[in-house]
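Shown next, in structure tokens, is the structure this report addresses.
The values are calculated or read from the model by the stated rules, or taken from the named source; none is laboratory data. On a predicted model such as this, the values are computed, not experimentally measured, just so you know. Because the Cβ atoms are built from the backbone with ideal geometry, glycine has one as well, and the counts that use them run over all protein chains shown.
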2 protein chains.
Amino acid sequence: LPTNEKNIEKLQEGHFQTIAKCISYVENEMEESASFLEQLKANIKTKCIGITGAPGAGKSTLVNALLQKITDKNQKVAVLSVDPSSPFNFGALLGDRIRMADFYLHPNVYIRSLASRGALGGLHPRMVEIVEVLKASWFDYVIIETVGVGQSEVDVAGIADTTVVVVVPEGGDEVQTLKAGVMEIADVFVVNKADRPTAATFVKNLGALSHSKANAIWEIPVLKTIASQQVGVDELLLAIDAHHEISIHNMDRKQWMLAEKVWKILQANVMQAYSKSQVLQLVKQGLQNGEENAYILVKNFLNK
Amino acid sequence: LPTNEKNIEKLQEGHFQTIAKCISYVENEMEESASFLEQLKANIKTKCIGITGAPGAGKSTLVNALLQKITDKNQKVAVLSVDPSSPFNFGALLGDRIRMADFYLHPNVYIRSLASRGALGGLHPRMVEIVEVLKASWFDYVIIETVGVGQSEVDVAGIADTTVVVVVPEGGDEVQTLKAGVMEIADVFVVNKADRPTAATFVKNLGALSHSKANAIWEIPVLKTIASQQVGVDELLLAIDAHHEISIHNMDRKQWMLAEKVWKILQANVMQAYSKSQVLQLVKQGLQNGEENAYILVKNFLNK
């Protein structure tokens, strides 16, 4: 059993098979997974990075470049991929996956692909727990790669210490449209494919926007990369490390993140008393009786 | 009070001031808003359409074109805008808003912009209720315009009868990357800016993908529009009407949508017993005592 002391020791030592077993354990919500999670102690050195951005922005190439830099320094890294189109995800095209084969076999790199499990566009419903497991292990970095579609990128901002938003240079005016949502979750902007002719204006405008939103603690840096040529990746890693250093000392952020987590766990605990099939039954009966008003259905249900 | 009989009559007759008052009422979660919502009866003819897509896809221009067609037929329409960059939203640039002035004053068009209220990228937390109010009024169409960033587009699929996903033609290969999430929520695809040279291949590939995912009830149509020139908008309206006709007779979908709604209302009701400030207090105490494990915090809280 994962709750076994020996097992937790092996998890802390980075034994890949144990890590895989522990993740499957919480992923499938096995019975004792709550008491297992209570035993875990997050490793303070582990930097959890969310990498998000629209399809085609080059997230996977960037993750690949980061793995190269991190392993070059003999550091340890785990990759969780929730992007079904990513080569790090097993749902990907075979050709791409072969290109990644180096890192699949690298002793300092642990890669796991996660289905989104019907939670449309959202992260895996047990993502918080899976990250807890990895944080309790020996990694220097945990990278969550998520596609900027649906809920994933917002959720990831609540889990990662540092959220990197990858964009490709568009016309300078397009910076304006980025503001919706993205500005709130980004800790670092990466303008990938920075060799495109529109890059300079785009970076300038994004930088101005970011500067106008800066606070006393952090101004979102706007970095240029050409991930396919490893250009700008050192600078990205430096920015990630700098942001992590700041964020672990930011008590407001720490409180907010823990409070979000506690709220979700509390909600899951409280709602265990109700089942989705119970609700479906309620709805079926309602429709049969010609009652389609959800508020009345809930009221009657709670009053009975 | 909105629960007043006279008031509900005026809502049903499409009295704009009453509509606005009722929306503000549920938006601000006034005390009796539950009993108000219990009194509403959804108008079966009202078609609720979600329009979603990435920034720059031309959603607002498309909504504008739809408003033109709908009002030409002397039908009634409400627009809810949750996209902060949309000219339908008051957060928008002044220049764009002036361009929309026709419809702001049109007697058959009701426009309301909604803040996302800190729910990062998500819909307004009371969106379900606001749509209920509009459905109980006199509209032929309720259009929800949302930006394809964050949770909004996923949430909207659970509220709208028909979800229209607007995309711009990219290289043919890019269709592959669309699959993540979008395929699951789209009822209709609109390839806008269809006069771009890459459009033909893109539409062909998207059509093939959509065909491969077709079921006995519906195959997602892939429509070409040039919204700025009103091209293809009649066909879009026909597709929306056709999908609505099918979806109101699809009992599985009806059950699923009502069950989702009931679950959310049930959760909100049950969680009323707990407050976010309570959780924040718990977290602050935890951090003071060196207890950062969320599972233990929740366990101790529920046991005390």
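The table below gives the values:
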item: Helices (runs of 4 or more DSSP H) enclosed by region A:183-302 - at least 1 residues per element that are within 11 Å of another protein chain (Cβ to nearest Cβ); result: A:251-271, A:276-288
item: Counted residues, region A:245-304 - those being more than 30 Å from A:VAL188 (Cα to Cα) and of a type outside the set (Asp, Glu); result: 37
item: Of residues in region B:235-268 being within 28 Å of A:SER275 (Cβ to Cβ) and among the β-branched types (Val, Ile, Thr), the one surrounded by the fewest Cβ atoms within 10 Å (Cβ to Cβ); result: B:ILE248
item: Residue pairs meeting the criteria (Cβ under 7 Å; at least 6 apart or on separate chains; first within 15 Å of B:LYS261 (Cα to Cα), in region A:270-290; second modelled with pLDDT under 90 and among the small types (Gly, Ala, Ser)); result: A:VAL279/B:ALA259; A:LEU280/B:ALA259; A:VAL283/B:ALA259
item: For B:VAL164: the one exception among (1) within 11 Å of chain A (Cβ to nearest Cβ); (2) at pLDDT 85 or above; result: (1)
item: Verdict on A:THR18 being among the polar types (S, T, N, Q) and more than 14 Å from chain B (Cβ to nearest Cβ); result: yes
item: Lone qualifier among A:VAL262, A:VAL233 - being among the β-branched types (Val, Ile, Thr) and either over 30 Å from B:VAL283 (Cα atoms) or touching a Gly at 6+ places or on another chain (Cβ under 6 Å) (or both); result: A:VAL233
item: Residues satisfying the stated conditions in region B:138-161, i.e. in a loop (DSSP other than H, G, I, E, B), within 11 Å of another protein chain (Cβ to nearest Cβ) and either in contact with a Phe, Trp or Tyr (Cβ under 9 Å, 6 or more places away or on another chain) or modelled with pLDDT of 70 or more (or both); result: B:THR146, B:GLY158
item: Residue among A:ASN269, A:ASN205, A:ASN215 that alone is under 27 Å from A:LEU302 (Cα atoms), more than 21 Å from the chain's Cα centre (by Cα) and not small (Gly, Ala, Ser); result: A:ASN269
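For every residue, the table says whether it meets (1) aromatic (Phe, Trp, Tyr); (2) at pLDDT 90 or above; (3) assigned to a helix (DSSP H, G or I); (4) within 30 Å of B:LYS224 (Cα to Cα).
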{"position": "B:MET30", "(1), (2), (3), (4)": "no, no, no, no"}
{"position": "B:ALA34", "(1), (2), (3), (4)": "no, no, yes, no"}
{"position": "B:LEU37", "(1), (2), (3), (4)": "no, no, yes, no"}
{"position": "B:LYS41", "(1), (2), (3), (4)": "no, no, no, no"}
{"position": "B:GLY50", "(1), (2), (3), (4)": "no, yes, no, yes"}
{"position": "B:ALA57", "(1), (2), (3), (4)": "no, no, no, yes"}
{"position": "B:LEU62", "(1), (2), (3), (4)": "no, yes, yes, yes"}
{"position": "B:LYS69", "(1), (2), (3), (4)": "no, yes, yes, yes"}
